[in-house]
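Here the structure is laid out as structure tokens; the discussion comes afterwards.
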Amino acid sequence: MSHKALSPRIAASPAALVPGNPGPAPGRQLQGTRKHGRHREEAAPAAMPKRNLPLVFTGLVLSVLLAALDQTIVATALPTIVGDLNGLEHLSWVVTAYILAATIGLPIYGKLGDLFGRKSIFIFAIVVFLVGSMLSGLAQDMGQLIGFRALQGLGGGGLMIGAQAILGDLVSPRERGKYMGLIGAAFGLASVCGPLLGGWITDAWSWRWVFYINLPIGAVALAVVITSLQLAKPQGARPRLDYAGAALLAVASAALIMLTTWAGTTYAWSSPQILALAALTLAAGAAFVRVELKSREPIMPLGLFRNRNFLLPVLVGISVGIAMFSTISYLPTFLQMVNRATATESGLMMLPMMGGLLLTSIGTGQLISRTGKYKIYPILGCAVIIAGLVLLSRISDTTPYSFTALGMLVMGLGIGMLMQNLVLIVQNSVPGRDMGAAISAANYFRQIGASFGIALFGSIFIHRLGNEIAAAPQGAGAAVGGDINSLSPTTLRGLPAPVQDFIGAAFGHALPPIFLLSVPIVAVALVLCLFIRETPLSTAVRTEAGEEV
């Protein structure tokens with residue numbers, strides 16, 4: 001039995017950015033040394049005028065907003081889309097195609113930016129995203145829409161990574177905190193408000209405008225980046241690309257994303273399909289490691305994992321990604337099925353989480369830039385997230401919304417202290433020549449953790465809900481028809497009042513305990529944060545060669 005309707009797949013790939021580097025002194029050439037002795041020279045651009053920095057930052061923020069919105073904005077438009085294009089059986093792939101393509105593209109974009117210059121690769125990503133958006137809006141059937149969503153995802157992955165790495169080039173580590181806070185706030189705002197905006201656009205205009213709305217925003221971002229952004233571009237011999245590593249990583253990523261999308265919903269965890277995908281993931285992953293150890297320019301430099309301040313943020317990001325995105329994915333289900341909110345109302349009811357995230361994301365960024373201290377915030381963030389998860393695990397069908405809002409607020413406060421600051425730690429701890437690869441790897445593993453957490457907790461939730469429904473009184477059981485997949489806010493409103501009350505209570509009992517399952521995972525992340533080494537944040541801009549200017 002398929003339960004896709006009750007297992008939303010939302011990935012996120014949290015993000016961060018920043019501008020502000022006037023660049024190396026004119027006439028100077030910078031040289032980066034690789035593990036295998038290869039050198040690439042950096043052409044020194046003219047200093048970027050300081051007045052350009054707010055404009056460039058605006059373009060980067062718009063790019064991140066686009067990529068973050070398109071992971072969630074489609075969710076509330078899906079019922080209308082499948083009705084118009086007659087493709088209910090392919091519904092989940094409209095979301096999965098975007099997530100899959102974006103995840104595969106993350107490490108590749110990061111490495112290409114390191115090798116060929118971030119500006120040109122970033123412009124390419126924006127163009128691909130806009131073309132995919134336009135074609136998605138023009139799609140005439142589900143097959144076309146899924147293919148164009150994949151194209152859109154290929155661009156979206158480059159937007160997130162490119163913006164983060166560009167900011168690492170433009171400003172000093174000490175200044176990045178305030179910019180990262182603003183970017184983290186923008187990403188959180190887009191992630192939480194995406195479903196709300198998607199529902200409003202669909203109702204007011206058409207589902208096609210969910211995609212068309214990207215075009216004017218993306219055009220502005222593209223114009224700003226082309227005209228105002230100045231970055232060094234690597235010169236010299238063309239590097240040899242790691243084609244084998246990229247191909248193996250794509251296979252492993254695709255298998256893993258499909259596994260986490262289907263496991264426990266479309267197929268049982270022990271089914272041949274899921275076991276085959278798991279075997280393919282492990283085989284491709286092992287082959288990828290062997291190839292990367294021998295590659296001259298690896299897509300994901302494995303030497304980074306020997307750096308404590310890279311490895312620990314990656315592990316913490318995986319842990320917190322599981323808790324964060326599982327919460328964001330399933331809270332709307334609770335609000336709609338238990339509190340009987342509409343899709344738009346559930347989006348508005350999620351605002352306390354967004355408010356908490358905005359407050360601490362911007363606030364901790366400002367404090368980091370002023371004090372140069374950052375280690376305390378991931379520790380506090382994990383502790384506050386645990387408190388939020390405990391509060392949310394206590395909600396039920398009889399809980400007033402004010403208590404649910406408090407839990408969401410606390411959860412948002414913790415997320416805002418943590419996510420973008422993990423990227424800041426990575427930026428501050430790796431050589432400039434590997435900045436893109438390091439940031440993309442951190443985002444990649446967080447995305448994988450989020451997908452796995454949503455799948456695992458979703459299957460646990462569905463199992464618990466099945467047990468609750470099995471105990472239904474005869475009238476309620478007959479109304480449901482034994483098919484959990486048929487339960488949606490629309491079908492719920494069409495049932496008799498006593499049946500609605502029973503189903504609401506079943507959701508209220510089955511869903512909240514899954515939040516408690518994330519507590520030990522985040523507790524492990526808190527312990528890992530204690531071992532992060534707090535390296536002083538320099539006030540100078542680091543160059544490729546490790547110099548500061």
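The values are calculated or read from the model by the stated rules, or taken from the named source; none is laboratory data. Note that this is a predicted model, so its numbers are computed, not measured. Please note: Cβ atoms are built from the backbone with ideal geometry, for glycine as well, and neighbour counts cover all protein chains shown.
Before moving on, here are some points about what is shown:
- Near pairs, Cβ below 8 angstrom, 6+ apart or cross-chain, from segment 330-348 (in the same structural domain as residue 404 (by TED's automatic domain parsing) and in a loop (DSSP other than H, G, I, E, B)) to any residue that is among the acidic types (Asp, Glu) and surrounded by fewer than 23 Cβ atoms within 10 Å (Cβ to Cβ): 338/397
- The one condition in (1) modelled with pLDDT of 90 or more; (2) not assigned by TED's automatic domain parsing to the domain that holds residue 450 that residue 519 fails to fulfil: (2)
- Pairing each residue of segment 102-118 that is assigned by TED's automatic domain parsing to the domain that holds residue 167 and on the phi > 0 side of the Ramachandran plot with any residue that is crowded, with 24+ Cβ neighbours inside 10 Å and among the small types (Gly, Ala, Ser), provided the two are 6+ apart or on different chains, yields no C-beta distance under 6 Å.
- Taking residues in segment 134-156 that are assigned by TED's automatic domain parsing to the domain that holds residue 69 and on the phi < 0 side of the Ramachandran plot, and partners anywhere that are of a type in the set (Val, Ile, Thr) and crowded, with 19+ Cβ neighbours inside 10 Å, the pairs with Cβ atoms closer than 7 Å and at least 6 places apart or on different chains are 145/94; 146/94; 149/94; 151/128; 153/99; 154/128; 155/126; 155/128.
- Taken together, the residues in segment 387-430 that are within 21 Å of residue 160 (Cα to Cα) and surrounded by fewer than 18 Cβ atoms within 10 Å (Cβ to Cβ) amount to 0.
- Residues of segment 224-282 satisfying the condition of being of a type in the set (Ser, Thr, Tyr), under 15 Å from residue 96 (Cβ atoms) and free of Cβ contacts under 8 Å to residues at least 40 places away in the same chain: 267
- Enumeration of residues in segment 135-146 that are crowded, with 16+ Cβ neighbours inside 10 Å and either closer than 11 Å to residue 97 by Cβ or β-branched (Val, Ile, Thr) (or both): 136, 142, 145, 146
- Residue 285 being outside the structural domain of residue 63 (by TED's automatic domain parsing), in contact (Cβ under 8 Å) with a residue 12 or more places away in the chain and closer than 19 Å to residue 443 by Cα: yes
- Residue within segment 442-460 that is part of a helix (DSSP H, G or I), more than 22 Å from the chain's Cα centre (by Cα) and at pLDDT 80 or above present: yes
- Residues of segment 246-277 classified as over 23 Å from the mean Cα position of the chain (by Cα) and part of a helix (DSSP H, G or I), total: 5
- The residues listed here are 540, 478, 545, 497; of these, the one that is among the hydrophobic types (A, V, I, L, M, F, W, C), exposed (fewer than 12 other Cβ atoms within 10 Å of the Cβ), more than 30 Å from residue 388 (Cβ to Cβ) and at pLDDT below 65 is 478.
- Residues that are at pLDDT 85 or above, in a helix (DSSP H, G or I) and farther than 19 Å from residue 130 by Cα, drawn from segment 193-230: 228
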